[in-house]
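Remarks on the structure that follows.
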């Protein structure tokens with residue numbers, strides 16, 4: 001098994017792809033045990049990464065639609081893993097795609113045997129720890145218009 005790191009282009013996309021991933025588009029509840037231990041931080045890369053493109057013409061080159069690969073539901077993740085494995089075997093550093101849950105931003109997966117921890121820099125400015133009131137308030141404000149109740153605990 002290859003270690004992986006998921007990332008997103010923006011704070012909103014990162015939250016949508018993680019904390020809100022399994023909450024239906026119609027809304028729901030985010031419980032304290034789902035966010036209290038979570039921290040959001042910015043990463044920058046120290047080297048150029050070669051990423052397989054699972055979006056735009058990259059999907060067309062693969063002969064698939066987004067609904068078959070990057071916009072599929074959890075029941076199809078076994079199939080999507082095959083595409084990730086193929087990208088890994090083709091020696092890409094990772095994959096980029098349009099976030100299904102925030103489709104204005106990119107989502108990423110980096111392969112841990114290709115992208116080492118010293119290839120990334122954690123930017124401490126702008127980090128959010130959702131156990132802290134200001135960051136929890138930010139999360140609550142983000143979720144409100146999405147019909148997601150953030151329960152404080």
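Every read-out reported here was derived from the displayed coordinates using simple, explicitly stated rules and does not represent laboratory data. What you see is a predicted model, and the numbers here were worked out from it, not measured in a lab. Here the Cβ is made from the backbone with ideal geometry for all residues, glycine too, and neighbour counts use every protein chain on show.
Rounded to the nearest 500, what is the chain's calculated 222 nm mean residue ellipticity when only DSSP H runs of at least 4 contribute -39500 (n - 2.57) each, over all residues? Walk me through the intermediate numbers first.
Values: 6 runs with 46 residues, N = 153.
Helix-only estimate at 222 nm: -8000 deg cm²/dmol.
How tilted is helix 77-89 with respect to the longest principal axis of the chain? Cα atoms for both, answer in degrees (0 to 90, nearest 10).
50
Using 19 Å as the cut-off for backbone N distance, which residues of the stretch 1-20 belong to the label zone defined by a point 7 Å from the Cα of residue 119 along Cα→Cβ?
Inside the label zone: 1-9.
With label points built 7 Å along Cα→Cβ from the Cα atoms of residue 131 and residue 60, find their separation and express it in nm.
Taking the two extended label points, one gets 4.8 nm.
Among 104, 18, which comes first, then next, by fewest other beta-carbon atoms within 10 Å?
Lowest count first: 104, 18.
How much of the DSSP beta bridge set in the chain is antiparallel, as a percent to the nearest 5?
So the antiparallel bridges in the chain amount to around 75 percent.
So how tilted is helix 133-143 from the main axis of the chain? Cα-based, degrees 0 to 90, rounded to 10.
70
Looking at (1) 0.98; (2) 1.45; (3) 1.10, which value of Cα Rg over 2.2 N^0.38 Å comes from a calculation on the structure shown?
From the options (1) 0.98; (2) 1.45; (3) 1.10, the structure gives (3).
How many nm is it between the label spots at residue 75 and residue 9, if each spot is 7 Å from the Cα in line with the beta carbon?
3.0
Which whole-number percent is the relative contact order of the chain (Cα, under 8 Å, 6+ apart)?
About 42 percent, as a whole number.
Sort 22, 135 by Cβ crowding within 10 Å, fewest neighbours at the top.
Ordered from fewest to most neighbouring Cβ atoms within 10 Å, 22, 135 come out as 22, 135.
Mind running the shape call on the stretch 58-136? Use the C-alpha gyration tensor, a ≥ b ≥ c as the square roots of the eigenvalues: rounded below 1.5 for a/c, prolate if a/b tops b/c, oblate otherwise.
Oblate, because a/c is 1.5 or more while a/b does not exceed b/c.
If I model a spin label at residue 85 and residue 151 as a point 7 Å from the Cα along the Cα→Cβ vector, what separation in nanometres do I get?
3.8
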